[in-house]
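Scroll down for the structure; my scribbles are underneath it.
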Amino acid sequence: MTEAMDLSTAESGLRAAMLRRDFDAAFAAPHASLFRETEELLAVRVGPDLYAMRVAELAGLHADRKITPLPNQTREQLGIVAVRGVLAPVLDLRSLLGYPSGPAPRWLVFTRGAEPVGLAFDRFESHLRVTRVQGLPLFRAGEHARPHVLGAVPLPTGPLPLIQIDSILAAVVRPKER
């Protein structure tokens, strides 16, 4: 009987040692979520709807900046604003996304790049950190899609339409440079 007891005690000791090793290893190993790539997004309101913009495509977020109107500007152009000593054109996201005109937008983001462009919108909602996504198809064939919104970010509350900054710059800013 002592032999059986010694074996049982040895097994318990071995099992306890393995549990201690696994417990310690769990703290020594990096957490798996640290290696999942995340993406920073801004949730903004344009007209009545909520949209997302990738923070990596933006250089700054501002409220209540003085925008100076220009003569002969288009519906999408709100004017210019000084940013770090440089004049930047300001575009109205409401117009670019096909919404009717409304009150002057309060919020403004600047695009990254040598020549920043301001994009004005109605309201800043929140900052989001999500697992990196490329954007999912948002609209089914035959449904009306907003210009410059080519996908959505999947969230637990439902898909959040993703504004494609490059699409806006390619359509509105870069053709004029040619």
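The values are calculated or read from the model by the stated rules, or taken from the named source; none is laboratory data. Predicted, not measured: the structure shown is a model, and the values here were computed from it. A quick note on method: Cβ atoms are made from the backbone with ideal geometry, for glycine too, and the neighbour counts reach across all protein chains shown.
Points worth noting:
- Region 78-118: number of residues that are assigned to a helix (DSSP H, G or I) and not basic (Lys, Arg): 3
- Selection within region 62-77 - of a type outside the set (S, T, N, Q) and in a loop (DSSP other than H, G, I, E, B): Asp64, Arg65, Lys66, Ile67, Pro69, Leu70, Pro71, Arg75, Glu76
- Only residues that are in contact with a helix residue (DSSP H, G or I) (Cβ under 9 Å, 6 or more places away or on another chain), of a type outside the set (Gly, Ala, Ser) and either modelled with pLDDT under 90 or surrounded by 17 or more Cβ atoms within 10 Å (Cβ to Cβ) (or both) were counted across region 110-128, and they come to 6.
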